[in-house]
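Visitor: Below is a structure I'd like to ask you about.
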């Protein structure tokens with residue numbers, strides 16, 4: 001079982017993450033891991049925090065000479081902004097002598113749409129900062145670090161992952177515009193919104209600019225595509241082993257994601273079956289079968305079918321508005337404008353990078369579940385043996401050569 005736990009606050013000293021279940025012998029590319037962290041910080045519409053932070057992960061345990069040992073992997077991502085927050089976020093009973101930064105006032109006016117009020121009620125906090133510091137999307141840097149390890153494991157077996165932004169507000173990629181993996185992978189990393197349509201991207205940027213001027217925020221949607229995923233990951237025999245359910249949970253737990261679609265997603269409810277299900281044709285190459293369409297998004301019955309896995313996520317606008325909505329001051333229970341925290345106008349491109357990481361982690365977990373072993377060599381042997389069994393099974397019937 002592959003799993004991870006993270007800890008840390010948005011303005012605390014650091015984020016930490018522990019990844020458990022990573023097999024031994026995986027050669028890690030630390031530069032590639034940090035490149036994923038840089039990708040998360042980019043995108044048009046980000047706020048001032050991204051000009052301060054320059055995320056880099058330090059590996060503290062579980063790796064020796066750049067190779068995983070099979071032990072839990074511990075990573076640390078320092079918060080550069082900590083120097084400005086020591087007087088507010090110190091962990092000792094009393095403020096340490098020489099603590100830097102400015103002492104911030106307690107946060108008592110919850111933001112509609114954020115975890116502020118629900119979290120304060122749940123844990124009994126009077127200062128909502130105890131909620132928002134952990135509920136902040138800053139935590140997703142830890143997820144990207146963990147997901148980068150999973151991504152590198154999958155790459156050993158030919159699985160690649162990319163994403164693209166398909167909507168910002170009501171500026172949406174046309175429904176019939178199916179983006180290939182190659183197109184998504186080929187988007188330049190410096191593209192402001194990582195949309196495959198340059199003209200549409202300009203309209204998306206203008207939409208964000210208008211929201212910024214109005215003191216508002218905007219959401220959107222993105223699609224993640226995983227190519228080279230072998231058939232047979234996941235299972236249909238129990239509800240909690242269905243891979244589409246696991247992917248849905250992994251994406252829905254990302255901050256501000258409110259809906260997830262597999263393949264054509266919600267459109268399945270509005271089409272006849274003939275325009276939903278993917279026909280199965282005799283193979284023309286080395287695959288078991290040819291599929292002229294992939295509306296199912298590479299998953300049938302909770303199991304991968306060998307096609308690209310395609311998952312979409314839909315993000316609401318960020319809850320911090322520069323022209324805040326009405327709220328209540330919890331100290332007086334009187335109406336007051338919601339608190340304003342430093343934030344973004346739009347973070348959809350960043351959320352897409354986090355989505356890639358979460359999809360990578362779920363697929364890696366399912367991959368190890370099917371082809372598992374304690375070392376990369378052992379997993380590789382199982383993977384090759386299974387692929388050969390499938391080839392021989394269908395070759396005997398004249399369908400795979």
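The values are calculated or read from the model by the stated rules, or taken from the named source; none is laboratory data. Just so it is clear, the model here is predicted, and its values are computed rather than measured. When we count neighbours, we look across all protein chains shown, and the Cβ atoms used for this are built from the backbone with ideal geometry, even at glycine.
Visitor: Mind checking which residues of segment 8-21 are within 28 Å of residue 69 (Cα to Cα) and either free of Cβ contacts under 8 Å to residues at least 24 places away in the same chain or part of a loop (DSSP other than H, G, I, E, B) (or both)?
Guide: 8, 13, 21
Visitor: Same structure again: Looking at segment 204-229, which of the residues that are closer than 20 Å to residue 298 by Cβ and touching a helix residue (DSSP H, G or I) at 6+ places or on another chain (Cβ under 7 Å) is surrounded by the most Cβ atoms within 10 Å (Cβ to Cβ)?
Guide: Just the residues of segment 204-229 that are closer than 20 Å to residue 298 by Cβ, to begin with: 221-229.
In the following step, the residues that additionally are touching a helix residue (DSSP H, G or I) at 6+ places or on another chain (Cβ under 7 Å) were identified as 222, 224-227, 229.
Values: 222: 30, 224: 24, 225: 27, 226: 26, 227: 19, 229: 26.
By that ranking, first place goes to 222.
Visitor: Further, regarding this structure: What are the residue pairs meeting all of these: first residue in segment 325-346, first residue at negative phi and in contact (Cβ under 8 Å) with a residue 24 or more places away in the chain, second residue buried (at least 20 other Cβ atoms within 10 Å of the Cβ) and in a strand (DSSP E or B), Cβ atoms under 8 Å, and 6 or more apart or on different chains?
Guide: The qualifying pairs are 346/168; 346/220.
Visitor: Give 336, 313 a once-over and let me know the one that is within 21 Å of residue 267 (Cα to Cα), touching a strand residue (DSSP E or B) at 6+ places or on another chain (Cβ under 6 Å) and assigned to a strand (DSSP E or B). Don't jump to the end; show me each part of the working.
Guide: Working: 336 fails: within 21 Å of residue 267 (Cα to Cα).
Exactly one of 336, 313 is within 21 Å of residue 267 (Cα to Cα), touching a strand residue (DSSP E or B) at 6+ places or on another chain (Cβ under 6 Å) and assigned to a strand (DSSP E or B), namely 313.
Visitor: In the set 138, 111, which member is under 24 Å from the mean Cα position of the chain (by Cα) and in a helix (DSSP H, G or I)? Give the derivation first.
Guide: Values: 111 fails: in a helix (DSSP H, G or I).
Among 138, 111, only 138 is under 24 Å from the mean Cα position of the chain (by Cα) and in a helix (DSSP H, G or I).
Visitor: Quick one: in segment 68-103, of everything that is in contact (Cβ under 8 Å) with a residue 12 or more places away in the chain, out of contact with any helix residue (DSSP H, G or I) (no Cβ under 9 Å at 6 or more places or on another chain) and more than 16 Å from residue 129 (Cα to Cα), which residue is surrounded by the fewest Cβ atoms within 10 Å (Cβ to Cβ)?
Guide: Going through the qualifying residues, I end up with 83.
Visitor: Across segment 25-48, which residue is modelled with the lowest pLDDT among those that are part of a loop (DSSP other than H, G, I, E, B) and under 30 Å from residue 211 (Cβ atoms)?
Guide: So the residue we want is 48.
Visitor: Something else: Take the residues in segment 347-390 that are under 25 Å from the mean Cα position of the chain (by Cα) and outside any helix (DSSP H, G or I), then tell me which one is surrounded by the fewest Cβ atoms within 10 Å (Cβ to Cβ).
Guide: Per the criteria, the residue is 372.
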